[in-house]
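Comments concern the structure below.
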Amino acid sequence: IDWRGRGATLGFLTDISHRRAQEEARARSEEQYRRLVENVSEGIMIVQDGRIVFANPRVAQILGHPIEVLMTQTFPRFIHPDDRAAAVERATRRLRGDTMDRHSAFRVVAADGRVVWIELSVVLIDWEGRGASLSFVTDTSERVALQERLKHTLRERETILDNSIVGIAFLNTAGRLVWANAAAHQMFRTPRDGLAGQSMEPYYPSHEEYVRVGGEVAKAVAAGKTYRTELPMRRADGTAMWVHLSGKAVNPYDLSQGTVWSMLDINERKRLEEDLRRTTSQREAILQSTLVGITYTVDRKRQWVNKRFAEMLGFEPAELIGEDSRRHFPDAQRWRAIADDAYQALTSHGSHVTECELIRRDGTSIWVEVHGSCLEQGHPERRAIWTYLDVTERRRAAEEMRLSLERQRELASLKSRFVSMTSHEFRTPLAAILSSAELLKDYGDRLPAAERIELIDIVRSSVRRMTAMIENVLTIGRAEADRLEFAPRPVDLVALAQKFAVEATRAVDPAPTATIRTAVTDVGGCACLDEALLGHILGNLLSNALKYSPGGGTVTFEVDGRSDEIEFRVVDEGIGIPAEDLPALFQTFHRGRNVGGITGTGLGLAIVDRAVRAHGGRVSVDSAPGRGSRFTVVLPRG
């Protein structure tokens, strides 16, 4: 037997079996990877030379296109027009080897027109022998929408709390006041910041009373209950008042988060109740002559009403005896909700305070502050007294006062910012003028002609800068006083565009490193605009674009007149604007926090806003730090 030949044959067969097993294992592995890529919840795609060369089903689902369609398109085609340039720039820099964040977020437009927010995680790979980018795509639209709703809700709740007519306060575990709304400050007659960080002890009649109430509060909070009481207190000026106090732990499971309190000045009701208790012989005269409406109810039916209450609703007293209050509410549902809440509070605490709208006999409505007192503890249905105070005028006056205070705060803020701006911005040119003048005075006859001219130029430049600042202040002053003149007339937009571009370049000091590229598209037809105000709008936008592009680049100035409106776009490649500065961007004296040493008054964009509004137009901005700014102004043709 030839064992050598037979051994060679067996080795060959073993080789074949081994290779076949490897191929089968590789096929199984590839199938597993394919299933994983096709069923993963995240989109996966590969982009090479701007084109999509691979995409899994999740990418197709997000963009709303079949995979075979995606493979024929460039990925930038699906990016939202407003985000496309920035996204393409990031991809270009990444491929170029620049250090870039792997993660980015922007919008894409799906096949059905929906705008979808996505988050992209990118790594560079080698694909079939050439460079490409592997991207993991996550649909974040729901998260972005949720964040916006949360911000809106928080703003709403803060506004509601601060404008409530009930005093609201937040105390830490040490009993120190952390925050109080406007009503609380009015109640205690303290300035807006007069309670912050203070103990409430000075507002109690005595130290013993403060300790007693504090002990009751501690027990209620520790038991997870709401503490309610009525007690005498003192205002900051020493005058006494009665307060209805209600408080509970912010988080009953974590008492370290402090307590929240509502406070209501019940002086009027307490005084009335005391009068009633002190002399029943004078009850009828007092009750009938008071300015407060009063009723006495048994089993929720009126047994007695005073004249004031009947007058408030336009009835005779006898017409209201034996009835409940249903007929005075706009609808049964609202009446039932308020009544049930009131009687539940009376059962638990013996008193209740609320404000509600009542309908008078003639159909008109009034707002009343209602105070209820239970005469038999725990049984308001047996006997209860209700007092009604017409607060219609008070509500109107409170709203007027709020608006007046808001205007005063705005004015005070404006004055403060003006003083800050003038003291800072005028100091530099004045110093330059003074130093130049002193040099000319002391050494003018010895200085070379070139240096004298340079000093004179410094004086002229400083004077022009101060003149421009004064002109801006006067312009914004006229705008704030509604005295901004608006005199539209037919204008040549092509010539004006070139003129404003040249003037903006000359106005920037020192000379800008960026250049303006002007593009005017189809401005045929008449455009009736105020040339002076248009100069303020475009001059400020163009000079800002140059000034805030210290690294140079191109400022694109486009004028588009293809519709019934004229659209002006100023796009720069400068430092951009932080997101937190965008809401206040067009307010007077506001400047971005990233401007550094770049000079400015914070008036330019405020003037732009007023001048645009004078035309009946609109202005918008799209910007982010490091990727420049895009200002769009749309004005009617006139």
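The values are calculated or read from the model by the stated rules, or taken from the named source; none is laboratory data. Model, not experiment: these values are computed from the prediction. Please note: Cβ atoms are built from the backbone with ideal geometry, for glycine as well, and neighbour counts cover all protein chains shown. The accessibility values were calculated without ligands, DNA or RNA, using every heavy atom of the protein model including side chains. Shrake-Rupley method; radii C 1.70, N 1.55, O 1.52, S 1.80 Å.
Scanning the stretch 438-456 for residues that are open to solvent by less than 50 Å² (accessible area, probe 1.4 Å) and at pLDDT 80 or above yields Leu447, Leu455.
Looking at Val459, is it open to solvent by less than 70 Å² (accessible area, probe 1.4 Å), in contact with a strand residue (DSSP E or B) (Cβ under 7 Å, 6 or more places away or on another chain) and modelled with pLDDT of 75 or more? Taking the combined requirement at face value, the residue does not satisfy it.
For the stretch 495-514, a tally of residues being touching a Ser or Thr at 6+ places or on another chain (Cβ under 6 Å) and either exposed (fewer than 12 other Cβ atoms within 10 Å of the Cβ) or more than 30 Å from Glu454 (Cβ to Cβ) (or both) returns 1.
If you go through the stretch 185-230 and keep only what is touching a His at 6+ places or on another chain (Cβ under 9 Å), open to solvent by less than 70 Å² (accessible area, probe 1.4 Å) and not in a helix (DSSP H, G or I), you end up with Gly194, Leu195, Thr229, Glu230.
Restricting attention to the stretch 360-379 and to residues that are without any contact (Cβ under 8 Å) to a residue 40 or more places away in the chain and part of a strand (DSSP E or B), the residue that is most open to solvent (accessible area, probe 1.4 Å) turns out to be Trp367. You will find that of Arg107, Arg157, the residue that is basic (Lys, Arg), open to solvent by 50 Å² or more (accessible area, probe 1.4 Å) and at pLDDT 90 or above is Arg107 and no other. Report whether or not Leu534 is within 15 Å of Leu496 (Cβ to Cβ), part of a helix (DSSP H, G or I) and either touching a residue at least 40 places away in the same chain (Cβ under 8 Å) or open to solvent by less than 20 Å² (accessible area, probe 1.4 Å) (or both). Yes: the conditions hold for Leu534.
Each residue in the stretch 238-261 was checked for being assigned to a loop (DSSP other than H, G, I, E, B) and farther than 18 Å from Ser199 by Cβ, and 6 pass.
Against the list (1) open to solvent by 60 Å² or more (accessible area, probe 1.4 Å); (2) without any contact (Cβ under 8 Å) to a residue 24 or more places away in the chain, the condition Arg51 fails is (2). Could you tell me whether any residue of the stretch 99-110 is in contact (Cβ under 8 Å) with a residue 24 or more places away in the chain and either over 31 Å from the mean Cα position of the chain (by Cα) or part of a loop (DSSP other than H, G, I, E, B) (or both)? Within the stretch 99-110, one or more residues are in contact (Cβ under 8 Å) with a residue 24 or more places away in the chain and either over 31 Å from the mean Cα position of the chain (by Cα) or part of a loop (DSSP other than H, G, I, E, B) (or both).
Checking each residue in the stretch 303-354 for being closer than 16 Å to Gly293 by Cβ, among the charged types (D, E, K, R) and out of contact with any helix residue (DSSP H, G or I) (no Cβ under 7 Å at 6 or more places or on another chain) picks out Arg308, Glu311, Glu319, Glu323, Asp324, Arg327. Of the helices (runs of 4 or more DSSP H) lying entirely inside the stretch 268-346, those carrying at least 2 residues that are buried (at least 18 other Cβ atoms within 10 Å of the Cβ) and modelled with pLDDT of 85 or more are 307-313. Mind checking which residues of the stretch 515-529 are at pLDDT 90 or above and open to solvent by less than 20 Å² (accessible area, probe 1.4 Å)? Once the filter is applied, which keeps residues that are at pLDDT 90 or above and open to solvent by less than 20 Å² (accessible area, probe 1.4 Å), the stretch 515-529 yields only Leu529.
Out of the residues in the stretch 347-359 meeting the condition of being among the hydrophobic types (A, V, I, L, M, F, W, C) and farther than 22 Å from Gly167 by Cα, tell me which one is most open to solvent (accessible area, probe 1.4 Å). The qualifying residue most open to solvent (accessible area, probe 1.4 Å) is Ile359. Looking across the stretch 187-219, the residues that are among the hydrophobic types (A, V, I, L, M, F, W, C) and in contact (Cβ under 8 Å) with a residue 12 or more places away in the chain come down to Met187, Phe188, Leu195, Ala196, Met200, Val213, Val217.
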